[in-house]
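S.K.: Quick one: structure below, then a few questions.
The values are calculated or read from the model by the stated rules, or taken from the named source; none is laboratory data. None of the values given here were measured: they were computed from a predicted structure. Positions of Cβ are backbone-derived with ideal geometry, glycine not excepted, and every protein chain shown enters the neighbour counts. All accessible areas refer to the heavy atoms of the entire protein, side chains included, with ligands and DNA or RNA removed. Shrake-Rupley method; radii C 1.70, N 1.55, O 1.52, S 1.80 Å.
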2 protein chains.
Amino acid sequence: MTYTPVVNEQRFLMRHIVRIDELAAHDSFAAASPDVVDAILEGAGAFAAGEFAPLNRIGDTVGAKWTADGVRMPEGFHAAYQAYVDGGWGSLAAAPEHGGQGLPFALATAVLEDLGTANMGFSLIMMLTPGAVEALTTHGSEDQQATWLPKLVTGEWNGTMNLTEPQAGSDVGALRTTATPAGDGSWRIKGTKIFITFGDHDLTDNIVHLVLARTPDAPAGTRGISLFLVPKIRLDGAQNDVRCVSIEHKMGIHASPTCALSYGDNDDCHGWLIGPENAGMRAMFTMMNNARLNVGLQGVSVAERATQQAVAYARERVQSARAGAPTRDPVAIIEHPDVRRMLLRMKALTMGARALIYYAAGQADRAHLGDEAAQARLDLVTPLAKAYGTDVGVEVASLGVQVHGGMGFIEETGAAQHYRDARIAPIYEGTNGIQAADLVGRKLELAGGEALAALLRDIRGEAGDETQLMALADAVELVTARLGAASVDDRLSGSYPLLTMLSVLVCGWLLARQARAAAGEADMDVDFLAIKHAAARFYLDRIVPEAIGLADGATAGAEGLYAIDAGAFAA
Amino acid sequence: MTYTPVVNEQRFLMRHIVRIDELAAHDSFAAASPDVVDAILEGAGAFAAGEFAPLNRIGDTVGAKWTADGVRMPEGFHAAYQAYVDGGWGSLAAAPEHGGQGLPFALATAVLEDLGTANMGFSLIMMLTPGAVEALTTHGSEDQQATWLPKLVTGEWNGTMNLTEPQAGSDVGALRTTATPAGDGSWRIKGTKIFITFGDHDLTDNIVHLVLARTPDAPAGTRGISLFLVPKIRLDGAQNDVRCVSIEHKMGIHASPTCALSYGDNDDCHGWLIGPENAGMRAMFTMMNNARLNVGLQGVSVAERATQQAVAYARERVQSARAGAPTRDPVAIIEHPDVRRMLLRMKALTMGARALIYYAAGQADRAHLGDEAAQARLDLVTPLAKAYGTDVGVEVASLGVQVHGGMGFIEETGAAQHYRDARIAPIYEGTNGIQAADLVGRKLELAGGEALAALLRDIRGEAGDETQLMALADAVELVTARLGAASVDDRLSGSYPLLTMLSVLVCGWLLARQARAAAGEADMDVDFLAIKHAAARFYLDRIVPEAIGLADGATAGAEGLYAIDAGAFAA
């Protein structure tokens, strides 16, 4: 089945969460007039539903295939990708001087959401290239920008991120790929990278790999890492010495080839340094921060698809009379209370996580305009957006299977694909555990704790009569105070529950705002406003209190975790 | 990878949760001497690990295959099944007069756990046949028992349960399969059944289908359903007119063929009535109640396997220095606090759910001895065991993927299989939503509410200084009082959160008991006692408070769920 674009929802969020009118008031984003925004939301939804969604199942069943001559995408993907390039969908948020349209990142977020909802695996190529654009825009030389950006901006070429090696996953500093001067200004790259998304494929003429490597005599760890641009095809037209040696056999996102790339097997792989030597981590973080929001967004995308499918099934599947009803006539299962509970939970979680991520994207746009408070807010909510967004994706996809009953476990139904696809998102782009560590290790103390304090002030200022939301804000404050004074181990032990609490607090805040705003909207679809209100209430009345229940775990400390040796876990 | 049988854990539970010594004091279970129990636990673990576990991956990758001549199992399964029959593993709990060993169901539960941990898909055939034995033992005629039981008891033949039809899933009463008298004492069966586990295969000479069908002029709904025994091969050696027309392409448990069976295509399918006409539902519930405990057990089985695999990986995988450590040397990831949190959560959830199910099995044995209070207790905790056990399976398998990081998403690792396999268990044998409805619709009011009151008294009597457990007991009491006075819709709307709260309460109670008992055990492995204590504390300190956070959702009522039309869910 296909899906229905969520244009009303996106328009509503642009108005009340992104507050895109504030952005459009700046020269940089003047292009984001209401008409343009509307046209893009409408157009992207139609494009994703029309071109990408029909390929979702073949992407899963056939998937990307490795051949000795390179990775091949399934039938239909080439035309769909070309339509994406032709439609200018990749260039929305890039700078006009590089061929971009200078629109807010928040708007590009909405477009990427559509693509991901239509086809999560395929959308990864659309997600990663803008990150490469951002890294080159920020750290590349003028010459590099002029050479590489135009075709990356359009998507004629795609960009990849090459961090991981077999021994270097979360610990990027352990990587061993080397770069040695070739004497002509380029560097010879040698090493193996794994888990490279769209590291090879036949959708574009060229692939621009951004590769982390070590130069001779570089210091150990992350301080000795440099970033290189390594094209699949060099500018002189020669094939570079990089090869996809295999792709992974994964549980989901089969439309996305996950490549092991071998660089310099014949000592003839040339790369070009981006930014200064040993400053690669900073450049990579430029890519990663946007990518983290975008991966959180994938959780929302797959949750939306799973929800739509479950709603459609529950409205169609007739089974059993409603308990306590005057007649014994069977009803559509959406009429049964516990099925409604599941569906409304799916709606509430999806809307909540979407609001969080759009909010973060709006902060990214303000930070881009030089707003330092927005930058601090963005830094604080980025780990929440990535981790909570992807946790929501998994939970909602799982509920989607459940709503389908036995049919949910049958592959042809499609619900199972969402469940399988969703499961990668809490892992890649920094596992959710890494996000939690980032939250308690760096983000809580941003600006001496003022970033969090300001967020709590904003929430309390708006939460007024939402008593459970206020209680959760109090709980978050208490927990963060306790963890702030705690040992590193205690803090990390409580990091994940705290991350969830803070995420739910932010989502609850943004949903409470939407519930109020919905009451004041006259020009929108009545059903949309009704489900918006119902989902917000479900979140505030049922999900927010659950998060309060995490406070004990957040402050329980590390002692219980280390009371036993590692060996005892296997006893 | 294989797995390590949890013999210490099972022995500990037999002592402190099943209290098998009390059972063995009865003549009926006199065979369950400590030596025999030990030998069975040791032997079953070794058998499952040695014969079944190595087939888990081929079961997944090759799986059962449909052919025009019947379903074929993958290589290795036939010999392993024969070894199961030869070892007498199927006959443990059957009555001696039918060739069984007269041992407690709780002990058979431990054996089935081992088989499921080793190979969840395969274990389904071992799980369902004893249900057929139970149904025949309770409702079959002497002649039927003498004819069919001996080979079902050994497992030489297997039994199936045939309820579901395309239009009759949770609503069993909607089934349309017919049975008309054939004139020779048998009935002609005609209809299509779907989702029939091991409905066809090549492991045994015969298959005994227990089929729900309607006789002519039977009343509508569940009051007009009769149970028939329909063998694949009739006693005269003729092939009966039943055919497997297809098997499902499922997300997991590929070793278990899920069959669509067509009965009577040539009007020559003969079945024999079991028990009186129109009393089929009662007979089927005999099968289902045990099956519900056993499906809950599958959640524990897959959780155990996922946990063992995650622990092994986390002890082996070296990545990053420990935060705050004096050196920058990378450590095994089990040393990182959030990985420990995940692993201990997996341990705690698995142990908690296992205790709940073993406890229920022990009550089943007492009920079998005529203990009415035990029967009421069993009836009350059966929906908890099924639903919470399977929810734990899904959560733990998901955490298992997460602990593996990127490797968890690669199929070859095996963690993904557990995640896929686990997902069916909350669905079949009555969805978890049906279990929640059973809890609030029937079980809370058992004996005028005395069943629940007695459980709460037992828990409070033992929970003493566990303040969070006492708080959860109070919350459960408050919620059940509120729901007891509420409308049907309100009660059903809160049924699932309440089911989770009550399940966690029971698990917390049984784990608190184990933590105390561990302190008094001198003869057991020190590491086992250490992890037992640590996991119990994790459960009591972190998971119990989470359940308290569900109280608001349990009492939020139905109004919010029905404030919108079904159509608005699609807006």
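S.K.: Carbon and sulfur atoms: what percent of the 1.4 Å accessible area of region A:7-157 do they account for? Before the final figure, lay out each step's value.
M.R.: Details: 2860 of 5550 Å².
Solvent-exposed carbon and sulfur of region A:7-157 make up 52 percent of the total.
S.K.: Something else: Taking the Cα centre of chain B as the origin, how large is its charge dipole in debye, to the nearest 20, when only Lys and Arg (+1) and Asp and Glu (-1) carry charge on their Cβ atoms? Present the calculation step by step, with values, prior to reporting the outcome.
M.R.: Numbers: 45 positive and 68 negative charges, 222 e Å.
In debye, rounded to 20, chain B gives about 1060.
S.K.: Using Cα positions and a limit of under 17 Å, work out the aspartates and glutamates in reach of B:Lys532, with same-chain residues fewer than 8 apart set aside.
M.R.: Those aspartates and glutamates meeting the cut-off are A:Glu559, A:Asp565, B:Glu9, B:Glu304, B:Glu466, B:Glu521, B:Asp523, B:Asp541.
S.K.: Find the all-direction average of the projected area of the Cα convex hull for region B:431-571, expressing the result in square nanometres with one decimal place.
M.R.: Averaged projected hull area, Cα only: 10.7 nm².
S.K.: Express the C-alpha Rg of region A:480-533 as a ratio against the empirical globular expectation 2.2 N^0.38 Å, rounded to two decimals.
M.R.: Numbers: Rg = 17.8 Å, N = 54, 2.2 N^0.38 = 10.0 Å.
For region A:480-533, the normalised Cα radius of gyration is 1.78.
S.K.: Something else now. In terms of modelled amide H atoms, which long-range or inter-chain residues lie less than 5 Å from the amide H of A:His201?
M.R.: A:Val71
S.K.: To confirm my reading of the symmetry, which residue of chain A has the Cβ nearest the axis that brings A onto B, and what whole-Å distance does it have?
M.R.: Looking at chain A's Cβ atoms against the axis toward B, the nearest is A:Gly549, 1.
S.K.: Something else now. So what's the gap between the Cα centers of region B:415-457 and region A:191-261, to the nearest angstrom?
M.R.: Using only Cα atoms to place each centre, the spacing works out to 49 Å.
S.K.: Moving to a separate point now. Could you tell me which of rounded, prolate or oblate describes region B:1-155, using a ≥ b ≥ c as the square roots of the eigenvalues of the alpha-carbon gyration tensor, with rounded for a/c under 1.5 and, failing that, prolate when a/b is larger than b/c and oblate otherwise?
M.R.: Judged from the Cα gyration tensor, region B:1-155 comes out oblate (a/c at least 1.5, b/c at or above a/b).
S.K.: Please report Rg over Rh for chain B, where both radii come from the alpha carbon positions and Rh follows the Kirkwood definition. Can you show the working numbers first?
M.R.: Working: Rg = 23.7 Å, Rh = 24.5 Å.
Ratio of gyration radius to Kirkwood radius: 0.97.
S.K.: Report the net charge of residues surrounding B:Ala321, where surrounding means a beta-carbon distance below 11 angstrom and charges are Lys +1, Arg +1, Asp -1, Glu -1. Intermediate values should be presented prior to the final figure.
M.R.: On the way: positive: B:Arg322, B:Arg328; negative: A:Asp171, B:Asp329, B:Glu335.
My count for the surroundings of B:Ala321 gives -1.
S.K.: List the distances, in nm and shortest first, from the label point of A:Asp21 to the matching label points in every other copy, placing each point 7 Å from Cα along the Cα-to-Cβ direction.
M.R.: A:Asp21 label point versus its equivalents elsewhere: 7.7 nm.
S.K.: To the nearest 10 square angstrom, what accessible area does B:Ser33 show with a 1.4 Å probe?
M.R.: Approximately 40 Å² for this residue.
S.K.: For region A:320-373, which trypsin sites (Lys or Arg not before Pro) are in a loop by DSSP, counting at most 13 other Cβ atoms within 10 Å? If you can, show how the numbers build up before the last one.
M.R.: Working: sites: A:Arg322, A:Arg328, A:Arg340, A:Arg341, A:Arg345, A:Lys347, A:Arg354, A:Arg366; in loops: A:Arg322, A:Arg328.
Sites meeting the loop and neighbour criteria: A:Arg328.
S.K.: Here's another thing I want to ask about it. Residue by residue, what Karplus-based ³J(HN,Hα) values in Hz, rounded to whole numbers, does region A:545-559 have, using 6.51, -1.76 and 1.60 with θ = phi - 60° and x for Gly and Pro?
M.R.: Once θ is set to phi - 60°, the couplings for region A:545-559 become x, 4, 5, 4, x, 8, 4, 4, x, 5, 10, 6, x, 8, 4 Hz.
S.K.: Sticking with this structure for a sec: Return the whole-Å distance between the Cα centroid of region B:123-149 and the Cα centroid of region B:336-374.
M.R.: The two parts, judged by their Cα centres, are 27 Å apart.
S.K.: Something else about it: Calculate the mean, over all residues of peptide A:399-410, of how many other protein chain Cβ atoms lie within 10 angstrom of the residue's Cβ. Mind showing how you got there, number by number?
M.R.: Working: counts 0, 0, 6, 7, 2, 1, 9, 12, 5, 6, 14, 6.
Counting Cβ atoms of other protein chains within 10 Å of each residue's Cβ and averaging gives 6.
S.K.: Just tell me which lysines come within less than 16 Å, Cα to Cα, of B:Lys190; anything on the same chain fewer than 8 places away is out.
M.R.: B:Lys232
S.K.: Still on this structure, please answer the following. So which GluC sites (Glu not before Pro) in region B:35-129 pass both tests, a DSSP loop state and at most 11 other Cβ atoms within 10 Å of the Cβ? Show your work: numbers first, answer last.
M.R.: Details: sites: B:Glu42, B:Glu51, B:Glu75, B:Glu97, B:Glu113; in loops: B:Glu75.
Hits after loop and neighbour filter: B:Glu75.
S.K.: What residues in region A:186-203 lose 10 Å² or more of accessible surface when the other protein chains are added to their chain alone (1.4 Å probe)?
M.R.: Output list: A:Phe195.
S.K.: Still on this model: Which aspartates and glutamates have a Cα less than 13 Å from the Cα of A:Lys65, not counting those fewer than 8 places away in the same chain?
M.R.: By straight Cα distance, A:Lys65 reaches A:Glu75, A:Asp200, A:Asp202, A:Glu248.
S.K.: Express the carbon and sulfur contribution to the solvent-accessible surface of region A:160-278 as a percent, rounded to the nearest whole number, probe 1.4 angstrom.
M.R.: Values: 2080 of 4280 Å².
The nonpolar share, carbon plus sulfur, comes to 49 percent.
S.K.: Just to verify a number: FRET efficiency for A:Asp69 and B:Glu75, C-beta to C-beta distance, R0 = 45 Å, to 0.05? List each step's numbers first, then the result.
M.R.: On the way: r = 34 Å, r/R0 = 0.76.
Taking R0 as 45 Å, the efficiency between A:Asp69 and B:Glu75 is 0.85.
S.K.: Could you give me the ³J(HN,Hα) list for region B:412-418, computed from phi with Karplus coefficients 6.51, -1.76, 1.60 and θ = phi - 60°, whole Hz, x at Gly and Pro?
M.R.: Working through the residues one at a time gives 4, 5, x, 4, 5, 4, 4 Hz.
S.K.: Could you check the simple spin-label distance between A:Gln82 and A:Ala312, using points 7 Å along Cα→Cβ, in nm with one decimal?
M.R.: 2.8
S.K.: Step through the residues of region A:273-279 one at a time and calculate ³J(HN,Hα) from phi using the Karplus curve (6.51 cos²θ - 1.76 cosθ + 1.60, θ = phi - 60°), rounding each to whole Hz and writing x for Gly and Pro.
M.R.: 5, 10, x, x, 4, 6, 10
S.K.: What is the local net charge at B:Phe29, summed over the other residues whose Cβ is closer than 13 Å to its Cβ (Lys, Arg +1; Asp, Glu -1)?
M.R.: Values: positive: B:Arg19, B:Arg366; negative: B:Asp21, B:Glu22, B:Asp27, B:Asp365, B:Asp371.
It works out to a net charge of -3.
S.K.: Between B:Phe285 and the same site in the other copies, what are the distances in nm, shortest first, taking label points 7 Å from Cα along the C-beta direction?
M.R.: Once sorted, the set of distances for B:Phe285 reads 6.3 nm.
S.K.: Would you calculate a helix-derived [θ] at 222 nm for chain B, using -39,500 (n - 2.57) for each DSSP H run of n ≥ 4 and dividing by the full residue count, to the nearest 500? All intermediate terms of the calculation are to be shown ahead of the outcome.
M.R.: Numbers: 21 runs with 296 residues, N = 571.
After summing the helix terms and dividing by residue count, I get -16500 deg cm²/dmol.
S.K.: Can you give me the C-alpha center-to-center distance between region B:532-571 and region B:13-90, rounded to a whole angstrom?
M.R.: Using only Cα atoms, the two centres lie 36 Å from each other.
S.K.: Can I ask one more? Please find the FRET efficiency linking B:Asp267 to B:Ala25, where r is the Cβ-Cβ separation and R0 is fixed at 41 Å, and quote it to the nearest 0.05. Present the calculation step by step, with values, prior to reporting the outcome.
M.R.: Details: r = 55 Å, r/R0 = 1.33.
Taking R0 as 41 Å, the efficiency between B:Asp267 and B:Ala25 is 0.15.
S.K.: Any idea how far apart B:Arg223 and B:Ser487 come out in nm if each label point goes 7 Å out from Cα toward Cβ?
M.R.: Taking the two extended label points, one gets 2.7 nm.
S.K.: I've got another one for you. Using only protein heavy atoms and a 1.4 Å probe, report how much of B:Val392 is accessible, in Å² to the nearest 10.
M.R.: So the heavy atoms of B:Val392 present about 0 Å² to solvent.
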